[in-house]
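The values are calculated or read from the model by the stated rules, or taken from the named source; none is laboratory data. Note that the structure is a prediction, hence the values are computed from the model and not measured. All Cβ positions, glycine included, derive from the backbone under ideal geometry; neighbour counts span all protein chains shown.
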Amino acid sequence: MKRFFGELHGDKIILSGQEFTHAKKVLRLNEGDDVIACVDDEYDYHCKIQKFNKNDCILDVFDKKLCPALPKRNIVLFQMLPKKEYFDNIIAKSIELGVSKIIPFTSEYTMIKDIKSERVKMQVITACKQCERSRLIEVEQPIDLKSIPSRIKDFDLVLFAYENSTTPFDVKLLENKNNIALIVGNEAGFSQNEANILSEHAQTISLGKRILRCDTAVMSLLAVVSILTNN
């Protein structure tokens, strides 16, 4: 069944904006069709399209089930802001691989200093629908790299993927860890001073002898972490 994000009103869910347009004008669904709706909680709501209005759609909820695709661990990605096309890919693939939140950050080598919130929100919705997650993840506004140490102090484990590290990734690091932070750079990498700052507060690891593009690095690290933590 097709999946949408809407707002819960009693036993009804309302689709509006882009979700309404997608249902009516792109997919050309009809009244009486069955769909799955999500309202940014842990449930999948099984619904029947009750009525199309001019600017919204009313769904009648007849069942709800816990969403099986929700992550079991809290995995937060601290991502140095890359080029736009890389960041688009990072958002989509990180959501597929079970990330809970993305916190972009700026550094000495970042050319892009901000993100377009509305555009990012639509990317998050699209990715969550694609991989059947019912809860939207948060992509924060960028922070400065120097503020990362204060943001990671309460995690069970913090992994810093550094291209100059010679320390292999030891899977034992993940044992009994539920609250994990991952720090990944962009296409320009880290200055030595920045690497020193992060290394004081995180477990520095290597992702291998080949230099990976930043979006490849994120996918590689997240895939390993998610699989080994059953996330």
Query raised in the report: Hey, does segment 83-92 have a residue that's among the aromatic types (Phe, Trp, Tyr) and in the same structural domain as GLU140 (by TED's automatic domain parsing)?
Result: yes
Query raised in the report: Among the residues of segment 141-161, is there at least one that is without any contact (Cβ under 8 Å) to a residue 40 or more places away in the chain, within 20 Å of ASP88 (Cβ to Cβ) and either in contact with a His (Cβ under 9 Å, 6 or more places away or on another chain) or surrounded by fewer than 17 Cβ atoms within 10 Å (Cβ to Cβ) (or both)?
Result: yes
Requested in this report: Output the residue which, of all residues in segment 24-69 that are touching a helix residue (DSSP H, G or I) at 6+ places or on another chain (Cβ under 8 Å) and closer than 20 Å to CYS128 by Cα, is surrounded by the most Cβ atoms within 10 Å (Cβ to Cβ).
Outcome: CYS38
**Report entry** Residue check, PHE78 part of a strand (DSSP E or B), in the same structural domain as SER191 (by TED's automatic domain parsing) and either more than 15 Å from VAL184 (Cβ to Cβ) or modelled with pLDDT of 95 or more (or both)
**Finding:** yes
Query raised in the report: Among the residues of segment 1-23, which ones are in a loop (DSSP other than H, G, I, E, B), surrounded by fewer than 16 Cβ atoms within 10 Å (Cβ to Cβ) and modelled with pLDDT of 95 or more?
Result: none
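Is it the case, given these coordinates, that SER165 is touching an Asp or Glu at 6+ places or on another chain (Cβ under 7 Å), in a loop (DSSP other than H, G, I, E, B), assigned by TED's automatic domain parsing to the domain that holds GLU118 and not aliphatic (A, V, I, L, M)?
No: the conditions fail for SER165.
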Query - Conditions (1) assigned to a helix (DSSP H, G or I); (2) over 23 Å from LYS64 (Cβ atoms); number of the one not met by ASP114 - result: (1)
Query raised in the report: Could you say which residue among VAL99, VAL124 is assigned to a loop (DSSP other than H, G, I, E, B), under 8 Å from the mean Cα position of the chain (by Cα), modelled with pLDDT of 95 or more and under 17 Å from ASP215 (Cβ atoms)?
Result: VAL99
Report summary line: For THR110, the lone unmet condition from (1) more than 22 Å from SER206 (Cβ to Cβ); (2) surrounded by fewer than 16 Cβ atoms within 10 Å (Cβ to Cβ); (3) touching a residue at least 60 places away in the same chain (Cβ under 8 Å) is (2)
Requested in this report: Consider GLN79 carefully, then state whether it is surrounded by 14 or more Cβ atoms within 10 Å (Cβ to Cβ) and over 10 Å from the mean Cα position of the chain (by Cα).
Outcome: yes
